[in-house]
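Shown next, in structure tokens, is the structure this report addresses.
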Amino acid sequence: MNSDHLSADISEVLLDEDSIHARLAEVAAEVDRDYAGRDLLLVGVLKGAVVVMADFIRHLNSHVTMDWMAISSYGSGTKSSGVVRILKDVDIDLTDKDVLIVEDILDTGLTLSWLMENLRSRGPASVEVFTFLRKPEAVQVELEPKYVGFDIPNEFVVGYGLDYAEQYRNMRQVGVLRPSVYGR
Ligand code: PRP
């Protein structure tokens, strides 16, 4: 049963607000440097990446554009299958753009690996990934994101955009969800 207070459903806070913002500032400084003078397009993947994108772009000092995709993974239950359907595509033409995909989490990596291949087929100058979180123990594909916010253990995490049953996205920290909440 969910409690009224988000934090009561969390067994451990993995990342607090200060660490998140300090890390976003570091990554943003790297991106500013790496893409200086280039035509950078940030592509966020709905819905999890909304929170990290909103904070991340405000740490950047360069001119950037932003667009969004919504994709749905055909899978059994909560597991990614790598078979992906585009529900909402980007509005901006990717030709000759330096594309940086912004994701909340790289779990198995199947979603991102499909997405990179799909975007690369559209004639961009480059396609790279910034994933806020990565679970190194869960990754099933060879995929090296250019930027990783934090490596985390293979736990059920929520908050800062990440959901359980569409809830907890508005929590300011990243925390481990108590198993009692999802019935284990
Ligand atoms: C999450 C996350 C990635 C994907 C990662 O999306 O945002 O897109 O799963 O999993 P993978 O590495 O195993 O492929 P989800 O389908 O939960 O949608 P959401 O962003 O709307 O929460």
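The values are calculated or read from the model by the stated rules, or taken from the named source; none is laboratory data. Remember, predicted model here, so these are calculated numbers, not experimental data. Note that we place each Cβ from the backbone using ideal geometry, even for glycine, and neighbour counts take in every protein chain shown.
Of the residues Val141, Val102, Val129, which is part of a loop (DSSP other than H, G, I, E, B), closer than 25 Å to Glu30 by Cβ and among the β-branched types (Val, Ile, Thr)?
On the way: Val102 fails: part of a loop (DSSP other than H, G, I, E, B); Val129 fails: part of a loop (DSSP other than H, G, I, E, B).
Just one listed residue meets the conditions, Val141.
Can Met171 be described as aliphatic (A, V, I, L, M) and either out of contact with any Leu (no Cβ under 8 Å at 6 or more places or on another chain) or closer than 14 Å to Leu42 by Cα (or both)?
Criteria not met by Met171.
Which of the residues spanning region 118-132 are loosely packed, with under 15 Cβ neighbours inside 10 Å and touching a residue at least 40 places away in the same chain (Cβ under 8 Å)?
Ala125
Can you pull out the residues in region 156-184 that are in a loop (DSSP other than H, G, I, E, B) and under 16 Å from the mean Cα position of the chain (by Cα)?
Phe156, Tyr160, Gly161, Asp163, Glu166, Tyr168, Arg169, Asn170, Met171, Arg172, Gln173
Output the residue which, of all residues in region 133-184 that are modelled with pLDDT of 95 or more, among the hydroxyl-bearing types (Ser, Thr, Tyr) and away from the ligand (no atom under 11 Å from the Cβ), is surrounded by the fewest Cβ atoms within 10 Å (Cβ to Cβ).
Tyr147
Within region 83-100, is there a residue that is loosely packed, with under 15 Cβ neighbours inside 10 Å, away from the ligand (no atom under 11 Å from the Cβ) and on the phi > 0 side of the Ramachandran plot?
Scanning region 83-100, I find at least one residue that is loosely packed, with under 15 Cβ neighbours inside 10 Å, away from the ligand (no atom under 11 Å from the Cβ) and on the phi > 0 side of the Ramachandran plot, so the answer is yes.
Tally the residues that are touching a strand residue (DSSP E or B) at 6+ places or on another chain (Cβ under 8 Å) and over 27 Å from Asp96 (Cα atoms), restricting the search to region 20-47. Spell out how you get there, then give the answer.
Keep residues of region 20-47 that are touching a strand residue (DSSP E or B) at 6+ places or on another chain (Cβ under 8 Å), which gives 20, 23-24, 27, 30-31, 35, 38-47.
Next, only the ones that are over 27 Å from Asp96 (Cα atoms) stay: 20, 23.
So the count comes out to 2.
Return the residues of region 15-53 that are assigned to a strand (DSSP E or B) and within 16 Å of the chain's Cα centre (by Cα); say none if nothing qualifies. Give the steps one after another, and end with the answer.
Restricting attention to region 15-53, the residues satisfying the condition of being assigned to a strand (DSSP E or B) are 15, 40-46.
Result: Leu15, Leu41, Leu42, Val43, Gly44, Val45, Leu46.
Taking only pairs six or more apart or across chains, which ones have beta-carbon atoms under 6 Å, a first residue in region 159-170 that is over 12 Å from Leu6 (Cα atoms) and touching a residue at least 60 places away in the same chain (Cβ under 8 Å), and a second residue that is assigned to a loop (DSSP other than H, G, I, E, B) and within 8 Å of the ligand (Cβ to nearest atom)?
Gly161/Gly48; Gly161/Arg169; Leu162/Gly48
Out of curiosity, is Ile105 within 11 Å of the ligand (Cβ to nearest atom), in contact (Cβ under 8 Å) with a residue 40 or more places away in the chain and surrounded by 13 or more Cβ atoms within 10 Å (Cβ to Cβ)? Step through it out loud before you land on a result.
On the way: within 11 Å of the ligand (Cβ to nearest atom): yes; in contact (Cβ under 8 Å) with a residue 40 or more places away in the chain: yes; surrounded by 13 or more Cβ atoms within 10 Å (Cβ to Cβ): yes.
Taking the combined requirement at face value, the residue satisfies it.
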